[in-house]
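Student: Let me give you the structure first, and then I'll get to my questions.
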Amino acid sequence: MPVAPGTPAWQTPGGVSAGRRTPGLLARIGRALRGAGRGAIGRVERIARYPVTNAQYLAFAQAPDYGSPQWWRGIKAPDPLPAPWTQPNRPRVWVAWVEAMAYCRWLTARCRAAGLIAAGDQIRLPTEVEWEGAVRAGTGREYPWGDGYRVGHANVDETSRKDGPHHLGQTTAVGLYPQGVSPSGLLDCAGNVWEWCLNKFDTPEDTDTSGKAGRSLRGGSWRYDPALARAVFRPRSDPGFRNLSVGFRLVCACPIPLTTEPLNTDH
């Protein structure tokens, strides 16, 4: 099986599972994950620098095996909605949580077959603790760049609360806001698109992928004000929800339980 074009640009996450050093939700979920013994999801080795783009998702949507049951796990594959902005390097929106999960399974199989990841590695959505750890890197910062919103640092609606003069009213190509980079090297983790997370919203330590429980989103989007793009802000949506401000980012996890000590990223 050929690998999908546009394989993610990976970063080594800083501060993943670093609940001991970071206040708030990161600490609470970090303790819950370690205490619950949920090693089945593996430990993150790499996190994508950008959200999944139109070009990357199109490879899945146009694949001959798009509707294969092995990707969809008990639900009928929905017809993909057309991207409202079709530039290849813009983040893919109109993607539900269940579609993002199917894409992760499909891409995992392609990358394993091509030798790009090890046989036991898995590409999936990040948990909230992983996402927040990569954005804040154990610093407790409010935004990827530090505390306080800075004008022009993210694709958000700065005009709604008079935070600044900018509101583009649409997504932008990934990577266009280098001033908004996180300590781990992530881009577009504040603004542009909301990003689906793996875990359930009401019980964030629960990473079971079955059922219809609401899932968490992170990061804010082009459609909303900067306050919603803070690293700690966490809305929820149903797993079948699609929206033109919602996308997703990937992580690559190895089969080492999260119940061990946090990943050493001091390098």
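Student: Out of region 134-165, which residues are assigned to a loop (DSSP other than H, G, I, E, B) and surrounded by fewer than 15 Cβ atoms within 10 Å (Cβ to Cβ)?
Tutor: D147, G148, V151, G152, T159, S160, R161, K162, P165
Student: Still on this structure: What single numbered condition from (1) open to solvent by less than 50 Å² (accessible area, probe 1.4 Å); (2) more than 19 Å from G247 (Cβ to Cβ); (3) in contact with a Lys or Arg (Cβ under 9 Å, 6 or more places away or on another chain); (4) of a type outside the set (G, A, S) fails to hold for Q179?
Tutor: Q179 satisfies every listed condition except (1).
Condition check ((1) open to solvent by 10 Å² or more (accessible area, probe 1.4 Å); (2) assigned to a loop (DSSP other than H, G, I, E, B); (3) of a type in the set (K, R)) across all residues:
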{"residue": "A63", "(1), (2), (3)": "yes, yes, no"}
{"residue": "L81", "(1), (2), (3)": "yes, yes, no"}
{"residue": "N89", "(1), (2), (3)": "yes, yes, no"}
{"residue": "W94", "(1), (2), (3)": "yes, yes, no"}
{"residue": "V98", "(1), (2), (3)": "yes, no, no"}
{"residue": "M101", "(1), (2), (3)": "yes, no, no"}
{"residue": "P126", "(1), (2), (3)": "no, yes, no"}
{"residue": "E132", "(1), (2), (3)": "no, no, no"}
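Student: So how many residues does region 212-231 have that are over 14 Å from the mean Cα position of the chain (by Cα) and buried (at least 17 other Cβ atoms within 10 Å of the Cβ)?
Tutor: Counting residues in region 212-231 that are over 14 Å from the mean Cα position of the chain (by Cα) and buried (at least 17 other Cβ atoms within 10 Å of the Cβ) gives 7.
Student: Next question. I'm trying to understand the selection: among the residues of region 73-94, which are under 28 Å from G220 (Cα atoms) and more than 19 Å from the chain's Cα centre (by Cα)?
Tutor: Within region 73-94, A77, P78, D79, P80, L81, P82, P84, W85, T86, Q87 qualify.
Student: I'd like the full set of residues that are touching a Lys or Arg at 6+ places or on another chain (Cβ under 9 Å), free of Cβ contacts under 8 Å to residues at least 60 places away in the same chain and among the small types (G, A, S), limited to region 183-209.
Tutor: Matches in region 183-209: A190 only.
Student: Between a first residue in region 114-137 that is modelled with pLDDT under 90 and a second residue that is in a loop (DSSP other than H, G, I, E, B) and surrounded by fewer than 24 Cβ atoms within 10 Å (Cβ to Cβ), which pairs have beta carbons less than 6 Å apart while being 6 or more apart in sequence or on different chains?
Tutor: Sorted first by the residue in region 114-137, then by its partner, the pairs are A137/G14; A137/P183; A137/S184.
Student: Check G185 against each of (1) in contact with a strand residue (DSSP E or B) (Cβ under 7 Å, 6 or more places away or on another chain); (2) surrounded by 19 or more Cβ atoms within 10 Å (Cβ to Cβ); (3) farther than 20 Å from A55 by Cα and name the one condition it does not meet.
Tutor: Unmet condition: (2).
Student: Within region 39-52, is there a residue that is buried (at least 19 other Cβ atoms within 10 Å of the Cβ), modelled with pLDDT of 95 or more and part of a helix (DSSP H, G or I)?
Tutor: no
Student: Okay, moving on. Hey, among T172, T159, which residue is of a type in the set (S, T, N, Q), within 15 Å of A227 (Cα to Cα) and over 16 Å from the mean Cα position of the chain (by Cα)?
Tutor: T159
The values are calculated or read from the model by the stated rules, or taken from the named source; none is laboratory data. Small disclaimer: the values here were computed from a predicted structure and weren't measured. When we count neighbours, we look across all protein chains shown, and the Cβ atoms used for this are built from the backbone with ideal geometry, even at glycine. SASA here: full protein model, heavy atoms, side chains in, ligands and nucleic acids out. Shrake-Rupley method; radii C 1.70, N 1.55, O 1.52, S 1.80 Å.
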